[in-house]
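Below: the structure, in structure tokens.
The values are calculated or read from the model by the stated rules, or taken from the named source; none is laboratory data. The structure displayed is predicted, hence computed values, not measured ones. Note that each Cβ is placed from the backbone with ideal geometry, even for glycine, and that neighbours are counted across all protein chains shown. Protein only, heavy atoms only, side chains kept; ligands, DNA and RNA dropped before computing areas. Shrake-Rupley method; radii C 1.70, N 1.55, O 1.52, S 1.80 Å.
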Amino acid sequence: MKKPYHIVSREAQNAAASMEEFAKANGQILLPLVELITQARVAVDEVIDSIGRQTIETILNLSAEQIAGPRTPGKSSGDIRWHGSQKGRVSLADRQLAVKRPRLRHKEAGEVSVPAYESLQENGATAQRMMGALLRGVSTREYAEVLPVMAETAGVSRSSVSRQAIEGSVEQLRQLRERRWNEADLLVLYIDGQRFGSHHGAVGVDRNGSKHVLGIQVGATENAAAVKQLLTNLRDQGLPTDRKYLFVIDGAKALRAAIDEVFGTDQPVQRCRNHKMRNVIDEVPKEQHAQALNLMRAAWRVSDAEEGVKRLEQLARFLEPEHESAARSLREGMAEMFTIQRLQLPPSLYKCLGTSNVIESPQSGVQKRTHNVTRWRDADMVERWVASAWSLTEKHFRKVIGHRDLWALAVVLGRERKPNAPSEKVA
């Protein structure tokens, strides 16, 4: 496990040394805890889970003693003096905790802050982490019940959780919309729709095989205005439209037209084979599912595009007499189901580039994290929740299968690197 490192100033080092000396004089049991907090090696919520509120209050007193010296009831000395205590709150990962904090006053300048208390309050991720907890399946009504018993002292209520959840999701949506793609060397753009909340999203894959959530847009992929807006937003966020990409799409005609309009008509487009399989299977009896699936998969495995088209056409002619709708569905967009073969890409890339699984997988994560929502009030709610769920799912992205061979796609798209070219001089 990697260890976190940070830069410590000379003043901070002196403060840490003073705290360590005090701890040595007042009990060896405090040393590991003081070191953890001083070195910032663990999150505040981890300390709470293991030791409790009393520990935080002990740390606050230690920090106050660094400033004002040991508490001496009835004897005031020095410029900074103890001035009792009062109620306060510190931020945890998913809630706030009520504590009793010490007060300090300068004999002339007034109130003096306690460094540890100020530090424990500076946790801007509280609202977003609350939203993360909600998306993991905890409804607003149940939220207070799943928190530790200490949460009740912080006054957690349904209304406050909802408010912080909204604030956190709004921030995540803003961050998603403001991402820039000027410098991202993207080769593949996956675009697919999801029925719940009626939205669609885009995921990009760069030269190294890493995935990036590009954007979301309310509206199905059959909605021409919505899909065009998604692509226009990507252009406005800096994604160059004067270069080629491989688009992997679900087959919607409106999406195909939007790609031509925003990125040009010479962009290679690969139809998702999983969508095609589902569409065909829905039109044939159950007893013929296995045969139809095996024949389609065999056709897609061949390296020659024309041979693959020929095999699918044979299947369409076989289905046509009794299942005309299945044959019609199979023939629709058949040529674009073999784009990756026509580009002469290595078979190791067929699995990741032949389907929209790259985007369907995170969408299933979104579905899982939003299953408690029974009514989508408006488009803003859809965008906020989906953006938060996408952001949470993105943290678990892995590189695409066959990513080591993506150089071949880069060459086909005209973005091959020239290792022998002279390096540019930096002024």
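Remarks
- Scanning region 219-251 for residues that are out of contact with any Gly (no Cβ under 7 Å at 6 or more places or on another chain), crowded, with 17+ Cβ neighbours inside 10 Å and more than 23 Å from Met381 (Cα to Cα) returns Leu239, Tyr245, Leu246, Phe247, Val248, Ile249.
- For the criterion of being outside any helix (DSSP H, G or I), open to solvent by 20 Å² or more (accessible area, probe 1.4 Å) and closer than 14 Å to Leu189 by Cα, Thr265 fails.
- Hits in region 230-287 (condition: in contact (Cβ under 8 Å) with a residue 40 or more places away in the chain and basic (Lys, Arg)): Arg243, Lys244, Arg271, Arg273, Lys276
- Output for region 290-312, where each listed residue is part of a helix (DSSP H, G or I) and either open to solvent by less than 50 Å² (accessible area, probe 1.4 Å) or touching a Gly at 6+ places or on another chain (Cβ under 7 Å) (or both): Ala292, Leu293, Met296, Ala298, Ala299, Trp300, Ala305, Gly308, Val309, Leu312
- Restricting Leu239, Leu231 to residues that are at pLDDT below 95 and outside any helix (DSSP H, G or I) narrows the list to Leu239.
- Any hit, region 329-351, residues being among the charged types (D, E, K, R) and under 30 Å from the mean Cα position of the chain (by Cα): yes
- Within region 378-387, one or more residues are assigned to a loop (DSSP other than H, G, I, E, B) and at pLDDT below 95.
- From the options Arg207, Arg163, Arg158, Arg141, residue that is at pLDDT 75 or above and surrounded by fewer than 22 Cβ atoms within 10 Å (Cβ to Cβ): Arg207
- Region 39-86, subset surrounded by 14 or more Cβ atoms within 10 Å (Cβ to Cβ), at pLDDT 70 or above and among the β-branched types (Val, Ile, Thr), residue farthest from Lys100 (Cα to Cα): Ile80
- Considered as a group, the residues in region 87-96 that are among the basic types (Lys, Arg) and open to solvent by 40 Å² or more (accessible area, probe 1.4 Å) include one that is modelled with the highest pLDDT, and that residue is Lys87.
- So Asn294, is it under 20 Å from Arg331 (Cβ atoms), among the polar types (S, T, N, Q) and either touching a residue at least 24 places away in the same chain (Cβ under 8 Å) or in contact with a Cys (Cβ under 8 Å, 6 or more places away or on another chain) (or both): no
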